[in-house]
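The values are calculated or read from the model by the stated rules, or taken from the named source; none is laboratory data. Please read these numbers as outputs of a predicted model, since none were measured by experiment. Cβ: placed from backbone, ideal geometry, glycine included. Neighbour counts: every protein chain shown.
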Amino acid sequence: MKSILIIGMGRFGHHLAANFLEHGHDVMIVDENEEKLEDMVPYATSTRIGDCTSEEVLKSIGVRNFDVVFVCIGTNFQSSLEITSLVKELGAKRVISKATRDIQAKFLLRNGADEVIYPEKDIAEKWAERYSLDNIFDYIDLPGAFGIYEMPPVKEWVGKSIRESDIAAKYKISILGIKKKHEEEMSVMPSADYIIRETDHLMVMAGNEVAERLLEQNKHNFAKAALDRKR
């Protein structure tokens, strides 16, 4: 369990707080507008009304006691910059700030942010990636040219064990989990003896270029199978 401080309760701040709370973490939320805190009061570990551009307010919160501080100010970049700088100066262990433009990210990183997130940009990139590729169920971006893909098995793998398919060596990918048809739970880190089924959804970590080649190969296999059925 981690202790999380979220400054700024706009839409992104709300979603962030709700998700951290759902995962069982301690979450303190802060905003200068009381109305933005009201719907989260019954759920958050603690709430505080205050202007976090004030050093005194931040000192009273005790930013150094939190594992992570999120600065989620969306409409006033000057305030976001000031708060980011202040929380770092006051000893925050890790500061993650929200940005909407690259130039904002540069200033935030120079003024105390350990990491910058682009919620809108990240979501747009994820959906663009997901719908640019055929035969992919879901996608998670990873640092560098890698991702986690939820995809159907390549035709050549079906009916073989993971060991027999020699997937890791031949394709340079790792199978992290398998979702079976009609089952909500995922089997994590499946045994090398697991026999791959045509209806399985494989969660694989792969280089983006490798994944695209496999998905393209699958597309041709599915098209050929459909043609054979018509004959």
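Checking each residue in segment 63-84 for being hydroxyl-bearing (Ser, Thr, Tyr) and either under 15 Å from Val116 (Cα atoms) or not assigned by TED's automatic domain parsing to the domain that holds Asn33 (or both) picks out Ser80, Thr84. Can we say Lys180 is free of Cβ contacts under 8 Å to residues at least 24 places away in the same chain, farther than 14 Å from Ala206 by Cβ and either among the basic types (Lys, Arg) or not assigned by TED's automatic domain parsing to the domain that holds Arg213 (or both)? So Lys180 passes the test. Can you spot a residue in segment 29-40 that is within 15 Å of Asp67 (Cα to Cα) and either modelled with pLDDT of 90 or more or assigned to a loop (DSSP other than H, G, I, E, B) (or both)? Yes, because at least one residue in segment 29-40 is within 15 Å of Asp67 (Cα to Cα) and either modelled with pLDDT of 90 or more or assigned to a loop (DSSP other than H, G, I, E, B) (or both). Taken together, the residues in segment 50-94 that are part of a helix (DSSP H, G or I) and buried (at least 16 other Cβ atoms within 10 Å of the Cβ) amount to 15.
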